[in-house]
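Written out below as structure tokens is the structure these notes cover.
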Amino acid sequence: VQLQASGGGLVQAGGSLRLSCAASGTIFSISGMGWYRQAPGKQRELVAVSASGGLRTYADSVKGRFTISKDNAKNTVYLQMNSLKVEDTAVYYCYAYVGGINYWGQGTQVTVSS
């Protein structure tokens with residue numbers, strides 16, 4: 001399973017970005033897809049998860065600003081990020097839980113300037 005993330009970039013505080021992550025390869029069933037992020041000097045943290053049953057989970061720091069969605073037909077997960085803050089600056093990693101294994105994308109940089 002390969003994951004290809006895209007959509008990162010540089011944006012001013014208050015702006016928006018949309019991240020995409022497409023899974024490819026031999027995939028029979030994806031149990032869940034989501035996003036983590038890692039800021040410089042910090043541990044990787046959960047941002048949002050979309051489970052196979054439709055349950056969505058968000059970090060408290062992004063609730064009300066970020067929305068995760070998934071296109072099951074395309075094996076693609078999206079992260080709509082609104083009202084971005086400087087503290088959202090990080091490398092964002094997508095993942096997919098397939099057959100009991102977590103697969104990770106290569107990461108995409110999101111930089112929010114003040």
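The values are calculated or read from the model by the stated rules, or taken from the named source; none is laboratory data. Values in this document were obtained by computation on a predicted structure and should not be read as measured data. Here the Cβ positions follow ideal geometry from the backbone for every residue, glycine too, while neighbour counts run over all protein chains shown. Ligands, DNA and RNA are stripped out before the accessible areas are found, and what is left, the full protein with its side chains, is counted by its heavy atoms. Shrake-Rupley method; radii C 1.70, N 1.55, O 1.52, S 1.80 Å.
In the chain, the portion of solvent-accessible area held by carbon and sulfur atoms comes to 48 percent [1.4 Å probe, whole percent, DNA, RNA and ligands not counted].
If you average the sequence gap of Cα pairs under 8 Å that are 6 or more apart and divide by the length of the range 18-110, what percent do you get for the contact order?
34 percent
For the range 22-55, which trypsin sites (Lys or Arg not before Pro) pass both filters: DSSP loop (anything but H, G, I, E, B) and at most 16 other C-beta atoms within 10 Å? Those that pass, being in a loop and sparsely packed, are Lys42, Arg44. The residues of the chain expose on average 53 square angstrom of accessible surface per residue, using a 1.4 Å probe on protein heavy atoms.
Net charge within 15 Å of Phe66 by Cβ-Cβ distance, Lys/Arg positive one each and Asp/Glu negative one each, not counting Phe66 itself? Neighbour charge sum, excluding Phe66 itself: +3.
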